[in-house]
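> Below: one structure in structure tokens.
The values are calculated or read from the model by the stated rules, or taken from the named source; none is laboratory data. Note that the structure is a prediction, hence the values are computed from the model and not measured. In this analysis, Cβ positions are derived from the backbone assuming ideal geometry, glycine residues included, and neighbour counts consider all displayed protein chains. Each accessible area value is taken on the protein alone, full model and side chains, heavy atoms only, with ligands, DNA and RNA left out. Shrake-Rupley method; radii C 1.70, N 1.55, O 1.52, S 1.80 Å.
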Amino acid sequence: SHYCRVYSRCQLAMTRLGAEKGILSKFRVLSKKDVKSSTALLDPNKPGSSTLQLSWIWQVESNIEQGSTQALQEFERVHWLRARAQKQRWEEEVTLVGYEMQWTVRFFIHKQEDWERRRTMANDNQATGPAAYAARKAEMWGWMAQDANYSFIK
């Protein structure tokens, strides 16, 4: 961008003029990764947003702006609060997924019991075909419940 070119020219000029090492360490050579924009603040659930590193350009103290240290602290505080909120959302998600696993197994057991009732009714009516079908369905739901329970325990 325009501002990156202006900064780079100024930084090069300071180097050519023989600026002190302290100043050159403060105003480093600008790379593309230093000015890469991040949407992590807009979408904190995006993969990789928890490992977002703040570029050095946001950490340079400015003598022009008196509140720069306070601004950086405020930025870090907001970043920390967002990270904490994301952590809490994931903890809640883990809890909900645990409940969803239990609900899935219970649903499969419910369907198994439903087909067992149908098999019993078919046997009472001496309908061997529907009874066999219901027995096969009950067994299928039972296996699904058992398989889901085993998979969720791993």
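> Would you point out which residue out of S55, S25, S8 is farther than 30 Å from D147 by Cβ, more than 15 Å from the chain's Cα centre (by Cα) and at pLDDT 85 or above?
S8 is the lone residue from the list that is farther than 30 Å from D147 by Cβ, more than 15 Å from the chain's Cα centre (by Cα) and at pLDDT 85 or above.
> Continuing with this model, one more query. Those residues that are open to solvent by 100 Å² or more (accessible area, probe 1.4 Å), on the phi < 0 side of the Ramachandran plot and not in a helix (DSSP H, G or I), I need them from region 74-129; list them, please.
If the condition is that a residue be open to solvent by 100 Å² or more (accessible area, probe 1.4 Å), on the phi < 0 side of the Ramachandran plot and not in a helix (DSSP H, G or I), then N125 is the only one that fits.
> Which residue pairs have Cβ atoms closer than 7 Å, lie 6 or more positions apart in sequence or on different chains, and pair a first residue in region 136-151 that is polar (S, T, N, Q) with a second residue that is assigned to a helix (DSSP H, G or I)?
These pairs meet every condition: N149/V105.
> Pull up region 1-26, narrow it to residues that are open to solvent by 70 Å² or more (accessible area, probe 1.4 Å) and not in a helix (DSSP H, G or I), then point me to the one that is nearest to S55 (Cα to Cα).
Step by step, filter region 1-26, then rank; the result is S1.
> Read through the list (1) modelled with pLDDT of 65 or more; (2) open to solvent by less than 60 Å² (accessible area, probe 1.4 Å); (3) within 21 Å of R82 (Cα to Cα), then give the number of the only condition that S49 fails.
(1)
> A further question follows. Failed condition for A40, given (1) at pLDDT below 85; (2) open to solvent by less than 60 Å² (accessible area, probe 1.4 Å); (3) not β-branched (V, I, T); (4) not in a loop (DSSP other than H, G, I, E, B), with all others met?
Result: A40 passes all but (4).
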